[in-house]
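The block underneath contains the structure these notes are about, expressed in C-alpha cells.
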Amino acid sequence: QGDLKFAYKRRYSIIGENGVGKTTLLNRIANWEDLEGFPRHLRVLHVKQELHTESEEMAVLDAVLDADIERTSLLKEEKEILARLE
C-alpha cells in the first residue's frame with residue numbers, strides 16, 4: 001500500500017524488478033479498479049508490451065485503439081443501436 005501522485009504535464013515511468021506489480025498497477029489504473037482518489041476525468045490507456053494476435057501484422061495504431069476500453073464499448077453500443085434501427 002502506498003500513495004501515488006501525478007503532477008500536471010509530467011511524464012512518468014514505472015521501474016521495478018519482475019513480479020513487483022508494475023503491470024498490475026497499470027491495468028488497475030486503465031480499468032479504474034479500486035483506486036481511491038484517482039481522477040476520473042483522466043483518460044488512461046494501457047497498451048500491452050507484447051501483442052499476441054492471430055495476425056502478427058497488427059499496426060501500432062490498431063493496438064492503441066484496441067486498448068481504449070471506453071472507445072471499444074461505445075463502438076459496440078453504436079453497432080447494436082444501428083442494428084436495431086434497421
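Each reported figure results from applying straightforward, stated rules to the coordinates on display, with no laboratory input. Please read all numbers here as calculations on a predicted model, not as lab measurements. Reconstructed Cβ throughout: ideal geometry from the backbone, glycine too, with neighbour counts over all protein chains shown.
Points worth noting:
- Taking packing as the residue-averaged number of other Cβ atoms within 10 angstrom, the listed peptides 68-74, 14-20, 24-30 run from highest to lowest as 24-30, 68-74, 14-20.
- Local electrostatic count, Arg43, Cβ distance below 14 Å [Lys/Arg +1, Asp/Glu -1]: 0
- Ser73-Arg40 FRET efficiency (beta carbon distance; Förster radius 22 Å; 0.05 resolution): 0.90
- Per-pair calculated FRET efficiency, R0 = 25 Å: Val64 and Arg10 via Cβ, rounded to 0.05: 0.75
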